[in-house]
1. Mind pulling the angle between the C-alpha long axis of helix B:230-240 and the longest principal axis of chain B? Nearest 10 degrees, somewhere in 0 to 90.
2. Using Cα-Cα distances under 8 Å and only pairs 6 or more residues apart, what relative contact order does chain B have, in percent?
3. Give, as a single signed number, the net charge of other residues whose beta carbon lies under 15 Å from the beta carbon of A:GLY92, with Lys and Arg counted +1 and Asp and Glu -1.
4. How are the C-alpha pair distances of chain A spread across 10 Å bins, as whole percents from the shortest bin up?
5. Provide A:ASP479, A:ASP472 in ascending order of the number of other Cβ atoms located within 10 Å of each residue's Cβ, fewest first.
6. Dipole of the protein assembly as shown, Cα-centred, from +1 at each Lys and Arg C-beta and -1 at each Asp and Glu C-beta, to the nearest 20 debye?
7. Using the reciprocal of the averaged 1/r over all distinct C-alpha pairs, how large is the Kirkwood radius of the range A:104-169 in Å?
8. Which number do you get for Rg(Cα) / (2.2 N^0.38 Å) in the range B:67-204?
Amino acid sequence: MSTSSDTPATVPPAVELDGITKRFPGVVANHDIRMTIRAGSVHAIVGENGAGKSTLMKILYGMQRPDEGRIRINGEDVAFRTPSDAIAAGIGMVHQHFMLADNLTVLENIVLGSEPGKGGILDTAGARSRITRLGESHGLRVDPDRLVEDLGVGDRQRVEILKVLYRGARILILDEPTAVLVPQEVEELFANLRDLKDQGFTVIFISHKLDEVLSIADAITVIRRGTTVASVDPGSVTARQLAELMVGSELPTPETRESTVTDRVVLDVRDVTVRGTAGRPLLSDVTLSVHAGEVVGIAGVEGNGQTELIEVIMGLLPFDEGRILLGEEDITTWSTLRRREAGIGYIPEDRHRQGLLLEASLWENRVLGHQTRKPARKGIWVNRAASRKDTERIVREYDVRTPGIDTLALALSGGNQQKLIVGREMSGEPRFLIAAHPTRGVDIGAQSAIWDHLRTARAGGLAVLLISADLDELIGLSDNLYVIYGGRMVARLDPGQVTPEKLGGYMTGAIAEERS
Amino acid sequence: MMPAGLQRTLLTLAGAAVAVLLAVAVSSVAILAAGASPVTALEAMFDFGDTQNQVVNAIAFILNRAVPLFIAGLAVAIGFRMNLFNIGVEGQYRLAAIVAAFVGSQFVLPAPIQLTVIVVVAMLVGGLYALIPAVLKVTRGVNEVIATIMLNYIATNIAAFLVRGPFTGERAAGQLTISTPELPESAWFPNLNFLFEMFGLPAPRSGLWGFLAVAVLLGVVVWVVLERTRFGFEVKASGLSASAALASGVNPKRMVISAMVLSGAVAGLIGLPEILGRTHSYGSNFTAGLGFLGIAVALLGRNKPVGIAVAALLFGFLDRAAAPLQFADIPPSVVAIIQGTIVLMVVIANEITNRMSLRHEERRAARQLAATPSQAKTEVAA
């Protein structure tokens, strides 16, 4: 099944996985994973969310032990018990979410855990010269004495890579390294990776962004439903073929082209400012309006005021200046409950924190947020029968895969939890919907279903505010696109015209404020 | 296949049973250390006496002890349900008891009205006293644990002052304790001795307190409020996830105030079984510490009325055992050790069974979904 099995016998492959299987309760983890990774290459592992990539990498990095199968590093059988074993074998991992201490310097972060000592005292000078040498030889230049909290995302990633190299890794695992980067930073990262490859390092690159994979990888392994389904040569496949291998069926696209935008304003945010406790305001003079039948997208690097904007609209965060109108009514002083009752739906960015009661049944989760409205309410009582019936409707119409409506929400996969939330928030005929990262962490099947539901509701006159980190989703679904940066709306763009590169420029502040 | 809910309940019960057995094992070690035999101790605990009279008295003692513990457990559980720690049940019930006992002694009305007034006064005082920490928490962010602990001291001393001063009644010659004026007979809660007489048994010496009926009714009402009403749903949601409740439009401040006041109002009733059933006044030898025991009872009963009832009966049973243990030359403090270890074990068991049932639930869902892949596929295709 593998096309890379004809590797020259002289150099043993950097990594060989043979029949790796890992079982978890309720999760498609790994089943009979086989792959061979050539030394000195960039090997991409692609698969949709939940396909089992992360589990596989955890096994390779010693964080999990496989139930079956063999791992060979440079031709030798290994059995890792902890990540230290993996590090000793020359494997390094750059996590998707950076694991750096903000209030330490770059140098301190890099040596953390393997501090060079001279008689119990940290050998700062030795570490500094080694880091500088490493940085120069690999083109990863970072000032070792800067505080990590002052660094941008790209620099932080370089620190993570340096940290791994400092520990002597020859095989680098990068878990979704581009998820947090804007296009320009991705180019820099790729240059670094090519550099490393030329010096003989092996890079395992995990991603589901296929264009990037095609541009950087020397070999690609596709994982679907926990098992390796194909090994392909990037020169001989297109992104679309690759995607179809990943999904195993036809591809969904988020495109919505025929406009359903009306001239009726549903949500009107006017000059909203949140000063916050720190010096810089969290939101300043944010103005935007969403019309019936319109999807307004908000693009921005996380932490630039999206969360605050959502919470201000939901009435969870008080603001200092400005007004918010829903239709004709000024809802500035309304409680969250009253806003919900007035027809605001909310798909929260963190469904476990704000969207679900994990230890409650599905039908109780149907009541959540609707406890004062029909069908969930009957006077002072919770209308159990009606709530259960309506939950069954949601399970049916939104294809929530569950054994039943008495199942606890935590037993469902992320995609099914999200479909339940979408179904709930679409109930009761909302006028306006906040969809924050509606397809984050859900599989492609659920993703296209959620997109379909959003499109249908939009055609039915729903006004949607879409916040997402997925630029394709934003460009594909939105009728109007705003960019938020540092708590300000810095650009209003036509999603039909904009390119991801241009969007990235606004998101990082590289292109100055402008309104088109 | 067994319904998910039933399975969870069974697992919980099994956990509690194992916890009690473990506690008995640990206590046996303590009894051995005290130089006695655990078997003798167990025999003494289950020895309700030889005559019918003794047995009836023992049962009445257990029930009479369990009633206030049950009410205390309910009061604590209402707060616990939403992660609100009302440690102030102790102060709330004592203050409520003395005020209700005094107010009830100041007039004479037909029994139903007289009793209703006393119950309402007790609930009002308890609720209002619990309102103080609730308001402090909502407006000033004062932790309710600290506020209620401090308010316990204040309540205890106010009660001591009142019984000595403004609320004091006439002391009969030769009586050592002081108390509020005696309640008129219309405020004496009728006892339930007929329950024994129905079966041809003798009536217990102390009488079976009629407040037992009120407690059962209260348990049902609390269950209905917590499990069936919108308010109960909001309490549950706040307890399971404060952030999700907030985002769903549950007003956290309102919830803190109403749950705390409800908890305090129920707490106000704790002293009444004793006052209306036996002493007919609030005296300086009024039973203290029920509020703190209520915390243990609520933990043991997993904040559910039925569980709390079982826990209260268990504690009543153990408290009764103190006297026979002494006769068997075993230090009665063994009972306190058993109670302590049971609570500790049950808390551990709860944690374990909870995790087990959550994990089990995940597995079950996965299994059932895996069993119907063909159906899932056709759904996708459609």
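1. Taking the Cα atoms of chain B, the angle to B:230-240 is about 70 degrees.
2. Details: 590 pairs, mean separation 126.4, N = 382.
33 percent.
3. +3
4. So the P(r) values, bin by bin, are 4, 17, 25, 25, 19, 9, 2, 0.
5. A:ASP472, A:ASP479
6. Roughly 2060 debye, rounded to the nearest 20.
7. That comes to 11.8 Å for the range A:104-169.
8. 1.26
No value in this document is a laboratory result; all are computed from the given coordinates. Values in this document were obtained by computation on a predicted structure and should not be read as measured data. So basically every Cβ, Gly included, is an ideal-geometry build from the backbone, and we count neighbours across all protein chains shown.
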